[in-house]
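Read the figures in this text as sums done on the coordinates, not as results from a lab. Predicted model only: the values in this text are computed from it and were never measured. Glycine also receives a Cβ, built like all others from the backbone with ideal geometry; neighbour counts cover every protein chain displayed.
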Amino acid sequence: MGSKSGERRQDTTGRRRLSGGRAGRWLALALVAAALFLLLPGPLPAATVHLPAALDSRLTRAGFLVGPPDHPVLARDPDQALVPASILKIATSLVALTLLGPDFHFHTQFFQDGAGHLIVRGLGDPGLTSREVAAAAARLAALGLASYQDLVLDASAFQVGPTDGAEGSFNPYDAACGALVLNFNTVALEKTAAGHVRSAEAETPDLPMMAELSQGLPPGRHRLNVSRRPGEALRHAGQLLDALLAQAGIRRRGVIRQGTLLEPARLLLDYESQPALTGTVQGLLAYSNNLVANQLFLQCGVVREGLPATFAKGQRTVAAVLRERWGLAVPAIRLEEGSGLSRQNAVTPAAMAVVLEAFRPYALLLPEAHGQLLKTGTLRGVYSYAGYFRDGNDLVSVVLMLNQTENLREELLAALLAAWHQAANR
C-alpha cells in the first residue's frame, strides 16, 4: 500500500509478497544512460549533472540530489520543495525510531469490571493482526478467563478524523487510523462464483460483515478497507475479537458495544505485540503501509503531549524533532501526516538527504529495488525515489522527486546511477 502505488501488498500474517521486477528493462535504461554520458565532453563537475537532452527536455518539475547534502556529487534544484509521496515514510520512521526507540512495542490492554464485562482498551497498535489477537486470547484463557458479559471496545485513546489525502475508497491504502485497529482496518474475503463468501485467510475466521462487504463484488479474492464509515472499523474489531476469543474457549454472554474504561476495573492482560519497532518500520517501508506510518506519526505526538492522540499533536511533535535534531523546518520540510498521502506534505531534495544521512543506522530496513536500497513514492503526478546507492561497503544517499504528469522515475534513476558511477570513477 504505497501512497496509491500498489507496488507491494501486505497480508495480515506479516508475510512479504513482492511483485515481479522489471530488472531487465531497468538495466537496459541504465546501459543506454551510461552510453549517453560517455558521449559527453569532459568530466562532470561536483554538484552538477548534465542529463541526456532527450531526458532533460521532459523534466518539467523535478529535483534530485546524490551524495551528502552539504557537498553532493550530483544535484538539480535541491532546495525546491516538492510533494514527496511515500518517501516521506522514511522521515516518519526516523522520528519514531528516535522518540520511541528501536525496541519499542505497542500494547493493548484487557480489563474486566465488576459486572463481568471484558473491556479492550486500544492504544494504537498498528500490528494487531488475527495472529496477534489469537495469541492474546490464548493468554487470557490461560489466565482462567472462561466467559464474560459484554465485549466493550474502548477506542478513546485516539481522537482522529480521516487522513488528509485519503479518498474514502475500499482500497486498503485509504484505511483510517484509530486506537483499536485490527488487520490494518481491512478484511480479506473470497467470493465464489456461486456467491458464497468466506475469509481469504486461514488465521482469520469468517465474520458476519464479510457477506455485506461482498455485495457487488465479482468472484475472487478481495482485501477491503473497513473504515469508510463511522463505527465500521470498531464493528469489524468487535466481530474479530469475539470470534477469536470464542476459538480460545472464552464465551460471550452479552453484547458487543463501544464504551470507555471506568474504574474500578481489573487489568487482566497488558498485551505486548510483536515485532519491536524496527520490525514494524521494516514492514511499513516494504509494503508502504499508510495506516502503519500514521499510527507511528500519532504515537510520536502521544510521547510528547500525552493522550488522546491527534494529528495536531503528531504534526507539532514531528516538526519539533526534525527542527531540534537535524535543523529541518518549513519550508524545507512539512508533514501534514506521516504516510505521504497528503498533497500538503512538502520536502526539498536537500532536506530529504539530511533525513537519509540520519537514517543510515537503519538503512537496511529499506526495501531493495534495482540492487539498491530504495523507497518509492507514487501519487497521481508524483513519482519519487529515496534511499541509498551501494558503493562497496559504503552507502550514498540518493533522492529524486518528480511533480509532473509524465512518469520518468525509472529513466531518471538509471541516468543518475550512471552519472554517479562516472563521477565517482573520474
Response to the item:
Counting all Cα-Cα pairs in segment 228-275, those more than 11 Å apart amount in percent to 78 percent
Worksheet item: So for segment 264-372, taking the charge dipole from beta-carbon charges (+1 Lys/Arg, -1 Asp/Glu), which of Leu291, Gly306, Leu365 sits furthest toward the positive end?
Response: Gly306
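To make sure I understand, if each residue's beta carbon is the centre and we count other beta carbons within 10 Å, what order do Arg251, Arg61 fall in, fewest to most?
Arranged by neighbour count, lowest to highest, Arg251, Arg61 become Arg251, Arg61.
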Worksheet item: For segment 98-208, what is the charge dipole size about the Cα centre, in debye to the nearest 20, if Lys and Arg each add +1 at the Cβ and Asp and Glu each add -1 at the Cβ?
Response: 240 debye
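Would you mind counting up the charge near Ala350? Only other residues with Cβ under 12 Å from its Cβ, with Lys and Arg at +1 and Asp and Glu at -1.
Charge balance in the 12 Å sphere: -3.
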Discussion item. Quick check: net charge around Ile87, other residues with Cβ under 12 Å of its Cβ, Lys/Arg +1 and Asp/Glu -1?
Written reply: +3
Worksheet item: Angle between the Cα long axis of helix 277-287 and the longest principal axis of the chain, 0 to 90 degrees, nearest 10?
Response: 70 degrees
Worksheet item: So, in Å, what gap is there between the alpha-carbon centers of segment 84-100 and segment 164-224?
Response: 28 Å
Item to complete: For segment 284-393, just the Cα atoms, rotate onto the principal axes and tell me the three extents in Å, largest first.
Response: 44, 29, 24
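As a footprinting exposure proxy, order Ile87, Ile256, Ile333, Ile250 by other Cβ within 10 Å, with the fewest listed first. Could you put the intermediate results ahead of the total?
Numbers: Ile87 29, Ile256 16, Ile333 25, Ile250 19.
Going from least to most buried by this count: Ile256, Ile250, Ile333, Ile87.
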Worksheet, complete the sentence: Fewest to most Cβ atoms within 10 Å: Ser147, Ser199 sort as Ser147, Ser199
Discussion item. Using only Cα atoms and rounding to the nearest 10 degrees, what angle (0 to 90) does helix 290-305 make with the longest principal axis of the chain?
Written reply: 80 degrees
Practice prompt. Give, rounded to the nearest 20 debye, the magnitude of the charge dipole that segment 272-400 has about its Cα centre when Lys and Arg contribute +1 at Cβ and Asp and Glu contribute -1 at Cβ.
Written response: 340 debye
Fill in: Cα convex hull of the chain - mean projected area over all directions, nm²
21.6 nm²
Discussion item. If you fit an axis through the alpha-carbon atoms of helix 130-142 and take the longest principal axis of the Cα set of the chain, what angle between them do you get, 0 to 90°, nearest 10?
Written reply: 40 degrees
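Which order do the peptides 121-130, 383-392 take when ranked by the mean count of other beta-carbon atoms within 10 Å per residue, highest first?
For the peptides 121-130, 383-392, the packing ranking is 121-130, 383-392.
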Item to complete: Note down the nm distance, to one decimal, between modelled labels 7 Å out along Cα→Cβ at Glu272 and at Ala135.
Response: 1.1 nm
